[in-house]
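Okay, so here's the structure we're looking at.
The values are calculated or read from the model by the stated rules, or taken from the named source; none is laboratory data. What you see is a predicted model, and the numbers here were worked out from it, not measured in a lab. Here the Cβ is made from the backbone with ideal geometry for all residues, glycine too, and neighbour counts use every protein chain on show. With ligands, DNA and RNA removed, areas are computed over all heavy atoms of the protein, side chains included. Shrake-Rupley method; radii C 1.70, N 1.55, O 1.52, S 1.80 Å.
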Amino acid sequence: MGSLLLLRIFFVFICTAAGYSLGGENVVASTAVGLATGLMVVFFETFARHVSLKGLSSAVFGILLGLLLARVFSEALSLFY
């Protein structure tokens, strides 16, 4: 339990540091976005334990397929402009 908590804290720290390093003009806002993103992922992971691995992998596959199709349609439509 302790090592899992340590990993979650480290993940939130890494997300916060990434937000800070990617922030251009407004470092405070980008750091806050990184922190919020890390906390949301940890929150989702903590409270979504009853989701099966099959369902989760299907959802991730569906999201990636949707993003790929959106990219393909976007490129196809950009030929007309």
Worksheet item: Probe 1.4 Å, all protein chains in place: accessible area of L65 in Å², nearest 10?
Response: 80
Discussion item. For a Förster distance of 22 Å, can you work out the FRET efficiency between the beta-carbons of E45 and L65, rounded to the nearest 0.05?
Written reply: 0.45
Worksheet item: Which of F61, F47, F11 moves the most in a Gaussian network model of the chain with Cα springs under 10 Å?
Response: F61
Discussion item. Counting other C-beta atoms within 10 Å, and keeping those with at most 16, which DSSP coil trypsin sites (Lys or Arg not before Pro) do you find in region 18-81?
Written reply: R49
Discussion item. I'd like the orientation of helix 2-22 relative to the chain: the angle between its Cα long axis and the longest Cα principal axis, in ° from 0 to 90, rounded to 10.
Written reply: 50
Worksheet entry | Value of [θ]222 nm, deg cm²/dmol, for the chain, DSSP H segments ≥ 4, -39500 (n - 2.57) each, nearest 500 | -29500 deg cm²/dmol
Worksheet item: To the nearest 10 degrees, how steeply does helix 53-78 sit against the main Cα axis of the chain, on a 0 to 90 scale?
Response: 40
